[in-house]
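Derivation of every value follows stated rules applied to the coordinates shown; laboratory data play no part. All figures in this text were calculated on a predicted structure; none of them were measured in a lab. Using ideal geometry, Cβ is built from the backbone for each residue, glycine included, and neighbour counts are taken over all protein chains shown.
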Amino acid sequence: MANVLEVKDLNVTFSLHDGDVSAVRDLSFVLGQGETLAVVGESGSGKSQAFLAIMGLLARNGRATGKAVLGGTDLLALSPTELDRHRGLDIAMIFQDPMTSLNPSLKIGRQLAEVLVRHRGQSDSAAWRHATEMLDRVGIPEAARRADSYPHELSGGMRQRVMIAMALLCEPKVLIADEPTTALDVTVQAQMLELFKTLTDDFGAALVLITHDLGVVAGLADRMMVMYAGRAVESGSVDDLFYAPNHPYTFGLLHSTPHVEDSGQRLRPILGLPPSLEHLPTGCAFHPRCAFVMPECRTARPELTHRGGGRHAACFYEGELKEKEAAE
């Protein structure tokens, strides 16, 4: 499987009144053609900021260093004008709230057609026709009529489908979906996941799924990268991480998520709160909340190391993670 995106030593820093704060630290990963990578972690773990940095969409006080190579081009080395040529064409992002991402004063068809006029040089009529075809392809009924609607006239699920259609118009190599099912009811969530699977198969695009919902990960992703306090702490295949996690944080996430087969059993939440990025604890950032903490965890930061079989984990503890131990 050829790699379409290679990220190396990505760091994201924000300048605040009290000094600089690192939101993402030393993040490296590769994304294969047609692969779905789930990026998982609590709010504030840096998962969204990492990909906003790759897209060149950080807030004004943010800056990114490192490399993000897509098709031989380092996106982080491009000027805003140069990067704008790649956004939407080679790499596209679907945002969490489509109502704030769509222009409320423009009809849906117009907003989609502008993408094709800009990146493909199509005429207005050809672009509108292509946009309507894409709306139909993502499952919007009466696509021609919906293209003539404003965003507020559509349901949340419909608006999310519009965002997916917009992202796919130029058939990008990489599609990034940031919490795409958060505001949708369960039935629509299931429809969205099926749609993602179908479209990534049809278009051959690699998909990055940024989410905190492990149910979404299980149903769609090939690989999973777990982030905590701005760093990747574990990565590997979804099956490996779900059935035999190597990092206590991954273990904690899995055991704090309800499962149908565990009906009636108490959930085991991860105790404590994520640390402030401005005041990270010494050593491993997770050690104040970790049930498997060892003395070295409090003073030294574990590096992300290979554990065999394409797995990586940043943890000094190498024993088996068991629920009875975590409860002690």
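Summing Lys and Arg as +1 and Asp and Glu as -1 over all other residues whose Cβ lies under 11 Å from the Cβ of GLU303 gives a net charge of +1.
Sorted fewest first by neighbouring Cβ atoms within 10 angstrom, MET99, MET163 come out as MET99, MET163.
Summing charges over all other residues whose Cβ lies under 11 Å from the Cβ of PHE203, with Lys and Arg as +1 and Asp and Glu as -1, gives -1. Inter-label distance, ASP18 to ALA300: 3.1 nm, where each label sits 7 Å from its Cα along the C-beta direction.
Pull out a ≥ b ≥ c, the square roots of the eigenvalues of the alpha-carbon gyration tensor of the stretch 1-90, then state rounded if a/c is under 1.5, prolate if not and a/b is larger than b/c, and oblate in the remaining case. Provide the component values of the computation, followed by the final result.
Values: a/c = 2.08, a/b = 1.34, b/c = 1.54.
Oblate shape, in that a/c is at least 1.5 and b/c is the bigger or equal ratio.
Of the trypsin sites (Lys or Arg not before Pro) found in the stretch 50-102, those that fall in a DSSP loop while having at most 13 other beta-carbon atoms within 10 Å are ARG60. For the pair ASP185 and VAL30, the difference between a 0.36 nm per residue extended length and the Cα-Cα distance amounts to 52.6 nm. Residues in the stretch 6-16 carry Karplus couplings, in order, of 10, 10, 9, 6, 6, 10, 10, 10, 10, 8, 10 Hz; the curve used is 6.51 cos²θ - 1.76 cosθ + 1.60 with θ = phi - 60°, and Gly or Pro positions show x. How large is the helix-only mean residue ellipticity at 222 nm for the chain, computed as the sum of -39500 (n - 2.57) over DSSP H runs with n ≥ 4, divided by its residue count, in deg cm²/dmol to the nearest 500? Value at 222 nm, helices only, nearest 500: -9000 deg cm²/dmol.
Could you work out the local net charge near GLY230, counting Lys and Arg as +1, Asp and Glu as -1, over the other residues with Cβ closer than 14 Å to its Cβ?
-1
Exceedance of the 29 Å cut-off in Cα-Cα distance is limited, within the set LYS8/LYS322; LYS47/LYS322; LYS47/LYS107, to LYS8/LYS322; LYS47/LYS107.
Shown for HIS17, HIS152, HIS247, HIS86: other C-beta atoms within 10 Å of each C-beta, ranked fewest to most, produce the order HIS17, HIS152, HIS86, HIS247.
Bridgeable lysines around LYS197 (alpha carbons under 19 Å apart, same-chain partners fewer than 8 residues away excluded): LYS173. Under the combined filter of DSSP loop state and at most 10 neighbouring Cβ atoms within 10 Å, the stretch 150-216 retains none of its trypsin sites (Lys or Arg not before Pro). Legend: ranking of residues PHE203, PHE95, PHE286 from fewest to most surrounding C-beta atoms inside 10 Å; resulting order PHE203, PHE95, PHE286. Across the chain, counting alpha-carbon atoms alone, Rg and Dmax equal 20.7, 67 Å. Applying both filters, DSSP loop and at most 12 other Cβ atoms within 10 Å, to the GluC sites (Glu not before Pro) of the stretch 125-207 gives GLU142.
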